[in-house]
Amino acid sequence: MADRRLQVFHAVAKHLSFTRAADALFMTQPAVTFQVRQLEEQYNTRLFERRHGSITLTQAGELALSYAERILELSDEMDTRFAEMTGEMRGLLLIGASTTIAESLLPEVLAEFNASHPQARPRLIVANSEAIAGRVADHSLEVGLVDAPVKLPGLTCEVCCEDELTVICAPGYPLAELKKVGPRALVDYEYLSREPGSGTRDIVDNYFRANKVAVDDLKMQMELGSQEALKAVVATSLGFAIVSRAAVDKELKLGLLLAIPLDPPLRRSIFLVQLEERFRSRLVTTFVQFARQRLKEHLA
């Protein structure tokens, strides 16, 4: 186990924020500040420059960060190797997922994985695709599942499975009478969308552009930060939305929403994001293989 002060320093250095580091570590900000101050006192040097409400690494801080990353990675690898020598599949598994995947696809996968590997402790962080990729990049997460491709230095982004998106609306909404609908016809109806930065938002915006529909021509009524909120507002008949078909199984069965296929169809890839050159424990490797297989089966 690596020195806790080193772990805290690393988080602050990656986030360049004591507040965000405290959130990522599930600590209070005073506790984070205390740990960093202890490290500075040990080496009799300042690791951060603090000015105008922001912080930057000093030259000593840059040096400390380069060593901290190597030490923490080796510490994690040692813990994992010892566990694997005893044949155990145990430990904390830090997973990130975009909202759609976390709410619609992962609950069943995590439940099955936990049943197969009871010594593992998955911790799921939910955010939009952009934020999840960032947390994998700064070593806060071991694996991310996102619904849009990401391009950050040091990350691998590979297709895990395919998902279909569909128009949804309330049973009484005018669109409900249609058997299928094209992107140009949707310009005539009120539109409810995910927030900028959402993988679903990017995919849908690109779909409209590819079919010669300007996004600005849509009758945008509202932007919502979660899939559950989006479905709830659509159920009030305020407008239509475009979401993963798998995300509305329950609402379709209960008759709360209707799904109308898009013409041409809209399919998207779900991507698996990991650090490019990091040691991967048997637990992480096993989860990735398990999740890939279960998601393919669920979306088939």
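General observations
- Qualifying helices (runs of 4 or more DSSP H) (wholly inside the stretch 36-125; at least 3 residues being modelled with pLDDT under 90 and hydrophobic (A, V, I, L, M, F, W, C)): 59-85
- Output for the stretch 235-251, where each listed residue is in contact with a helix residue (DSSP H, G or I) (Cβ under 9 Å, 6 or more places away or on another chain), closer than 22 Å to residue 208 by Cβ and among the hydrophobic types (A, V, I, L, M, F, W, C): 240, 241, 242, 243, 246, 247, 248
- For residue 233, the criteria (1) closer than 22 Å to residue 133 by Cβ; (2) in a helix (DSSP H, G or I) hold in every case but one, which is (1).
- Residue 207 being under 22 Å from residue 267 (Cβ atoms), more than 19 Å from the chain's Cα centre (by Cα) and assigned to a strand (DSSP E or B): no
- Unmet requirement for residue 21, which otherwise passes all of (1) part of a helix (DSSP H, G or I); (2) touching a strand residue (DSSP E or B) at 6+ places or on another chain (Cβ under 8 Å): (2)
- For the stretch 147-159, the condition holds for no residue, the condition being that it is touching a Pro at 6+ places or on another chain (Cβ under 8 Å) and modelled with pLDDT under 90.
- Residue in the stretch 271-288 that is of a type in the set (Val, Ile, Thr), outside the structural domain of residue 118 (by TED's automatic domain parsing) and either surrounded by fewer than 21 Cβ atoms within 10 Å (Cβ to Cβ) or closer than 24 Å to residue 144 by Cβ (or both) present: no
Table: residues versus (1) assigned to a loop (DSSP other than H, G, I, E, B); (2) surrounded by 15 or more Cβ atoms within 10 Å (Cβ to Cβ).
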{"site": "140", "(1), (2)": "yes, yes"}
{"site": "153", "(1), (2)": "yes, no"}
{"site": "159", "(1), (2)": "no, no"}
{"site": "163", "(1), (2)": "no, yes"}
{"site": "167", "(1), (2)": "no, yes"}
{"site": "175", "(1), (2)": "no, yes"}
{"site": "196", "(1), (2)": "yes, no"}
{"site": "212", "(1), (2)": "yes, no"}
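- Scanning the stretch 27-73 for residues that are within 28 Å of the chain's Cα centre (by Cα) and touching a residue at least 40 places away in the same chain (Cβ under 8 Å) turns up 55, 56, 57, 65, 68, 69, 71, 72, 73.
- Some residue of the stretch 27-40 being out of contact with any Gly (no Cβ under 7 Å at 6 or more places or on another chain) and at positive phi: no
- Residue within the stretch 283-297 that is in contact (Cβ under 8 Å) with a residue 12 or more places away in the chain, part of a loop (DSSP other than H, G, I, E, B) and either at positive phi or in contact with a helix residue (DSSP H, G or I) (Cβ under 7 Å, 6 or more places away or on another chain) (or both) present: no
- Scanning the stretch 234-274 for residues that are of a type in the set (Ser, Thr, Tyr) and modelled with pLDDT of 95 or more yields 236, 237.
- Whether a residue is within 30 Å of residue 82 (Cβ to Cβ), of a type outside the set (D, E, K, R) and in contact (Cβ under 8 Å) with a residue 12 or more places away in the chain was assessed, and residue 218 does not pass this test.
- Residue selected from the stretch 244-264 under the condition farther than 19 Å from residue 187 by Cβ and not in a helix (DSSP H, G or I), by the criterion nearest to the chain's Cα centre (by Cα): 244
The values are calculated or read from the model by the stated rules, or taken from the named source; none is laboratory data. Fair warning: this is a prediction, and the values are worked out from it, not measured in the lab. Because the Cβ atoms are built from the backbone with ideal geometry, glycine has one as well, and the counts that use them run over all protein chains shown.
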